[in-house]
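The values are calculated or read from the model by the stated rules, or taken from the named source; none is laboratory data. This one's a predicted model, so the numbers in the text were calculated from it and none came from an experiment. Every residue, glycine as well, gets a Cβ built from its backbone with ideal geometry; the counts of neighbours run over all protein chains shown. Heavy atoms of the whole protein, side chains included, go into the accessibility calculation; ligands, DNA and RNA do not. Shrake-Rupley method; radii C 1.70, N 1.55, O 1.52, S 1.80 Å.
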Amino acid sequence: MTRSFHNLTSHYNVYFNGNEALKSYMLRVDEIPEDYTSILPIFKESMPEAREVTGSDMLTAVEKGEKLIKYHSITKPPKKKKSGKRRKAVKREYNNWVDDAYIMMGKAQLYSGDYIQAENIFSQVVRLYKDEPAKYDAYIWLIRTYAEAERYTEAAE
């Protein structure tokens, strides 16, 4: 019952509002006129003008992600190993939206231009969620973070 409550509340209250803040930022970035006299970036969010538009949306997305992780995370400590018996794999996180909240926070940090914090968040997702599909999303965003920070050798690795 508790897991269902926290999954429902996480998705439809906290994560939804943070994701909507990211979407409104993307809509404002799409309205920025492009300068065709210079080389255009691959992603419109990489333009210097896009950093000026971030405003409170990125702060809202980060706050919502932190709130989801702080109040709705359900972790279970690993059981002690009994002698002679094989231990079953224990799932670390029982809320389905915590990994998505980390990725949302990392995106918000990347769009704000805080590459170090974004790198830390995406690396943490890769480290914590080794067996989850979110690991692959985090890898993609980590590569993009390295590319935005002009750390091309690490992005190639």
(request) For region 15-43, name all the residues that are open to solvent by 70 Å² or more (accessible area, probe 1.4 Å) and among the aliphatic types (A, V, I, L, M). (result) Leu27, Ile39, Leu40, Ile42
(request) Hey, can you tell me all the residues within region 44-73 that are open to solvent by 30 Å² or more (accessible area, probe 1.4 Å) and either of a type in the set (Lys, Arg) or not in a helix (DSSP H, G or I) (or both)? (result) Lys44, Arg51, Lys64, Lys67, Lys70, Ser73
(request) Just need a number here: residues in region 113-140 that are crowded, with 20+ Cβ neighbours inside 10 Å and within 21 Å of Pro48 (Cα to Cα). (result) 2
(request) Output the residues belonging to region 1-14 that are exposed (fewer than 13 other Cβ atoms within 10 Å of the Cβ) and either part of a helix (DSSP H, G or I) or in contact with a Pro (Cβ under 7 Å, 6 or more places away or on another chain) (or both). (result) Thr2, Arg3, Ser4, Phe5, Leu8, Tyr12
